[in-house]
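One structure is given here, and the rest of the page talks about it.
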Amino acid sequence: MVSGLPFPFGIERSRETWDKLIKRYGDIAILRQPGLPDRWCAAMISALTPEERLGRAGNPIDRRYLISAFAPDTGLLLDPEPSEKDTLITFVLDDDGNPLPDSSGNLQEDERLRLVAPPGRAGPSRNELYWRLDVRG
């Protein structure tokens, strides 16, 4: 039976909570897709893969990242949304969490991680609170 009540926690407030958690415990990264400009994102590695939760051995190079629904440079929702065509690029960071430039001024990439499954929405209906990305190094 549907009560007719709206989502009890408020979508925007829940998105902001997830955004703060991911930024606090994660790092800055970019989503790169051919033909599109790079998109900054906040990314946090998740401890377990779905296979490990089901009791199966997971591929040690497979990881799951949680990505904030908000772009850290604009504060707006990621546009375009993450896609299986994206590559997640992480950076070498200093002690304050800022990407370190190399001697020529370019940011030092730590890893290029390709998506091995379509991005998963986390949240009610189509109102994502954050994104789940399964990646392989």
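Derivation of every value follows stated rules applied to the coordinates shown; laboratory data play no part. Note that the structure is a prediction, hence the values are computed from the model and not measured.
Radius of gyration and Dmax for segment 11-136's Cα atoms, expressed in Å?
Both quantities, over Cα of segment 11-136: 14.6, 46 Å.
Would you kindly derive the ³J(HN,Hα) couplings of segment 124-131 from the backbone phi angles with the Karplus curve 6.51 cos²θ - 1.76 cosθ + 1.60 (θ = phi - 60°), listing them in order in whole Hz, with x for Gly and Pro?
Calculated HN-Hα couplings, in order: x, 6, 9, 8, 5, 8, 7, 10 Hz.
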